[in-house]
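Input: a single structure, listed below in structure tokens.
We did not get these values from a lab; they are worked out from the coordinates using the rules stated. Just so we're clear, the structure is a prediction, and the values are computed from it rather than from any experiment. A quick note on method: Cβ atoms are made from the backbone with ideal geometry, for glycine too, and the neighbour counts reach across all protein chains shown.
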Amino acid sequence: MANSCRKLIFNIYIVFYCSAVIMPQICICSQFTSSPIDQFNKDPKAFPVATNGEMFPWHELRLPTVVIPLHYDLLIHPNLTSLDFVASEKIEVLVRDATQFIILHSKDLEILNASLQSEEDVRYKKPGENLTVLSYPAHQQIALLVPEKLRAHLRYSVAIDFQAKLADGFEGFYKSTYRTLGGETRTIAVTDFEPTEARMAFPCFDEPLFKANFSIKIRRESRHIALSNMPKVKTIELEGGLLEDHFETTVRMSTYLVAYIVCDFTSVSGTASSGVKVSIYASPDKWSQTHYALEASLKLLDFYENYFDIHYPLPKLDLVAIPDFASGAMENWGLITYRETSLLFDPKTSSTSDKLWVTEVIAHELAHQWFGNLVTMEWWNDIWLKEGFATYMELISLNITYPELQFDDSFSNTCFEVIKRDSLNSSHPISNEAKTATQINEMFDAVSYNKGACILNMLKDFLSEETFRKGIIHYLKKFTYRNAKNDDLWHSLSNNCLEGDSTSGGFCYSDSRKTSNTLAFLRENVELKEMMATWTLQKGIPLVVVKREGRSLRLQQERFLSGVFKEDPEWGTLQERYLWHIPVTYSTSSSQAIHRHILKLKTDTVDLSEKTDWVKFNVDSNGYYIVHYEGQGWDELITLLNQNHTLLRPKDRLGLIHDAFQLVSAGRLTLDKALDLTRYLQHETSIPALLKGLEYLELFYRMVERRNISDVTENLKHYLLQYFKPVIDTQSWLDEGSVWDRMLRSTVLKLACYLNHAPCIQKATELFSQWMESSGKLNIPTDVLTIVYSVGAQTTAGWNYLLEQYELSLSGAEKNKILYALSTSKHQEKLMKLIELGMEGKVIKTQDLATLLFTTARNPKGQQLAWNFVKENWTHLLKKFELGSFPIRMIISGTTSHFSSKDELQEVELFFESLKTQGSHLDIFQIILETISKNIKWLEKNLPTLRKWLLTSI
Ligand code: BES
Ligand code: ZN
């Protein structure tokens, strides 16, 4: 079960909280486990064999805590011509228990020499006592053997010289290239360490608990600049014209946050209110796309410093757009790295959703400077403590700094996205055991990010924003420069009293006058830790079943399972021992008030004070649960939506649409009832709700289209075009209106053109021809750009022209749109050409291969091609991306999870079996198999209903 890894460690904590300045030794050690006895001497047979045939003195994946690092001195000299680097380091360590060896991480590094020295141990006073180095690559560890046992409580300095090639992929210290406007290819060197790749750049204690200070020096040629976490203090000129930059020593931090870059980028800079210098770096020709990011990061830095009441502790913050980047962005302290499309904004080609994404990623990575960097999880099993928080803070910060982006209305989708996954049996708890590098990588998923953020949002709604904020400030201040675990957070949230607050039941009530009595009562009677354990240590999402019985509401909770019906034999077993403490909310027809109740038992009853026509649970969709209304409940709500939908809040309407279709997948609501609920959408004024309804209808369309179920495909197309005609026909082809107006335009026109709606095709074709005639100079409104390119890509001339423009474009936003359009071609030889270009990695960069395979597989003409390609080229793909990494997971699920037939399921099963025998095993295999089984079941059960419903609706 969850957290067993943490429980096994038997942490012994020094109970009192001490300041790192007053008692550094005690504080540094306080977060480590008690030191194990010298196992090496106890049972030498239990240990593995090092590369030289000798016994390697450590057999665990986690490092021993006998020796801990205090400070690293790093000197790195990358050569961007020979594409390698030489380096040396001095690590100051504290020995906590006498030992004969030091174990640390190192991966693919050639260790040239290692020596030891100490000011505190007379035996090691003279410099350069050479050490024996043993290497155990299976655990990415090296052992430094000392001639005489190191003594407890003394400090030593370990010096290591090493060298390596700049890595080929996207991890460690790797090379990245870009093309200039003049057609020249240039190389830069950049780091990306999270979670376990700092060890590819320098030997280190590469676990988040081993925090230390880092003093970094970088050698470079004069045509380059060097950047690192801290500002440069000085540059020294070396013989032969080389330059050596010295950076200020960092604050105490984990290895995965160390970063450095050698490049020739240019920047724009500004100063935050607190005096912190913020700069945005990009390759020289992309300089003009950096301004939006500067404005956003300055605003957001001001916001966070103020919101957390904690200064950003470094003098500068750089945000750098890297041409080759595996994920979206990485929060290295003071030197955040981004994929170009996550940072750069080009007014001519970046759409509204591109702007939302850039702002969101900046908000996310800046939040990490506190959640993750300042306070770090003890181990990777709890990455939600940073990823969930950073995702939650996107919502809080953007609501205040960018209200015009209406981000608040997108947040429900963050939760809906993970519910799909969390309602499968193969989901996992938020806190989940992670030992190997693959397992650690797999933790970076929707459960950690989205579910983490959603349960925090639910808790905030329960405690009130003010109380919640005080609690997290308390947590951040208490664990500054240290590590924390779940219980530390719950403890801070329950004991968050700051000066001037009054207390009751462990909670602070500075805002008690604003709080309703019921809420205060509820909070006082809740054991926060116990409540939150039900959300973090238990997988899945609860279903609250509501039944109205006169003036009472009977509530029942169960585990919500999509694809498993109550009638199925396994249903009962899958329910066993699941119970949540659910802070439910509801509103009724008789008052605007938000009623609250904690559902801690399987069943419970609440009394309504008045007679009501309807009840709606989960107000504003703030809770992480699905609601089913038994008896007349759904009919009452459908009637209400049809009569006057504005009596329900917009997010409640959105939530109803979502829950209704989820309940169909669980066999609890018939499809025609859920479809009937969408009939009111013709009058819907809230765009997120309208888009949600449309999203489900489009999903069904794509499912039947892929399976060539032609009658339903035709009828559904007809229904969509007829039913949404008013909204399609009123769209302009201009970038105008609010963010949601613009999102609606993109979505609706994209669907209309996909369905071959003549006026849409005509307009897009017209714009595409004008664009080609202008040699790509014409500015097409950014929100319809993808649509215009996709329609244009359907002719050979258009497709070829787009590919030419792809090579020339300097805008990542535009390149993404073109690549998507190219992948919608109906010609398989063109699709194959794209995949080959993606594999080659020149015209189409390897970083974009996963998205390309995903979009190709979504194209009915490309689905088989993409899937066959993945099967046949799996080993090549694994050479490009780490097993368990986000791109690999995207490739495998993107090319399979839409399958909906038994034959396809069998094929995928066979493929996964063969991978397992080759030693590749991923959690996502089970998720995919369950998803396909769910799709099969959905079609079996609902296709006849859909067919019938359409016949009566068109
Ligand atoms: N810490 C992650 C980067 C990361 C991802 C490291 C996966 C190791 C494995 C970063 O903060 C992050 O979450 N990036 C997201 C973007 C964010 C806006 C959700 C990403 O890369 O997709
Ligand atoms: Zn993150």
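Results, tabulated for the structure shown:
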{"read-out": "Projected-area average for segment 612-690 over all orientations - Cα convex hull basis, square nanometres", "value": "4.9 nm²"}
{"read-out": "Contact order relative to length of segment 303-388, as percent, for alpha carbon pairs under 8 angstrom and 6 or more apart", "value": "22 percent"}
{"read-out": "Where GluC sites (Glu not before Pro) fall in DSSP loop in segment 666-769, at most 11 other Cβ within 10 Å", "value": "Glu736"}
{"read-out": "Karplus-derived HN-Hα couplings along segment 838-852 (A = 6.51, B = -1.76, C = 1.60, θ = phi - 60°), whole Hz, x at Gly and Pro", "value": "x, 6, 5, x, 9, 5, 9, 5, 4, 4, 9, 5, 4, 5, 4"}
{"read-out": "Ranked Leu398, Leu837, Leu537, criterion: other C-beta atoms within 10 Å, fewest first", "value": "Leu537, Leu837, Leu398"}
{"read-out": "Normalised contact order of segment 655-720, rounded percent, pairs of Cα under 8 Å and 6 or more residues apart", "value": "24 percent"}
{"read-out": "Bridge type composition, the chain - antiparallel percent by DSSP, nearest 5", "value": "80 percent"}
{"read-out": "3J(HN,Hα) from dihedral phi, segment 372-384, Karplus parametrisation 6.51/-1.76/1.60, rounded to Hz, x for glycine, proline", "value": "x, 8, 6, 10, 10, 5, 5, 8, 5, 5, 10, 5, 4"}
{"read-out": "Loop-located trypsin sites (Lys or Arg not before Pro) in segment 596-642 whose Cβ has at most 10 other Cβ within 10 Å (DSSP)", "value": "Lys611"}
{"read-out": "Cα-based helix-to-principal-axis angle, 902-917 vs the chain, degrees rounded to 10", "value": "10 degrees"}
{"read-out": "Rounded to whole Å, sorted largest first: equivalent-ellipsoid semi-axes of the chain, Cα gyration tensor", "value": "47, 36, 27"}
{"read-out": "Which of Thr81, Thr585 has the fewest Cβ neighbours within 10 Å, and the rest in rising order", "value": "Thr81, Thr585"}
{"read-out": "Quotient of C-alpha Rg and 2.2 N^0.38 Å, computed over segment 288-351", "value": "1.20"}
{"read-out": "Coil-residue trypsin sites (Lys or Arg not before Pro) of segment 217-304, DSSP, other Cβ within 10 Å capped at 11", "value": "Arg223"}
{"read-out": "Computed [θ] at 222 nm, helices only, for the chain once each DSSP H run of length n ≥ 4 contributes -39500 (n - 2.57)", "value": "-12500 deg cm²/dmol"}
{"read-out": "For segment 91-237: Kirkwood Rh in Å [reciprocal of mean 1/r, alpha carbons]", "value": "17.4 Å"}
{"read-out": "Neighbour-count ranking [beta-carbon atoms within 10 angstrom, fewest first] of Arg653, Arg123, Arg745", "value": "Arg123, Arg745, Arg653"}
{"read-out": "Degrees, to the nearest 10: 633-644 long Cα axis against longest axis of the chain", "value": "70 degrees"}
{"read-out": "Relative contact order, percent, segment 779-849 [alpha-carbon distance under 8 Å, six or more residues apart]", "value": "27 percent"}
{"read-out": "Rg and Dmax of segment 804-954, Cα atoms only, in Å", "value": "17.3, 53"}
{"read-out": "Antiparallel DSSP beta bridges within segment 250-402, as percent of all bridges there, nearest 5", "value": "40 percent"}
{"read-out": "Under the Karplus curve 6.51 cos²θ - 1.76 cosθ + 1.60, θ = phi - 60°, whole-Hz ³J(HN,Hα) for segment 396-405, x wherever Gly or Pro sits", "value": "5, 6, 6, 4, 8, 7, 10, x, 5, 7"}
{"read-out": "Rounded to 10°, Cα long-axis angle of helix 923-953 versus longest principal axis of the chain", "value": "10 degrees"}
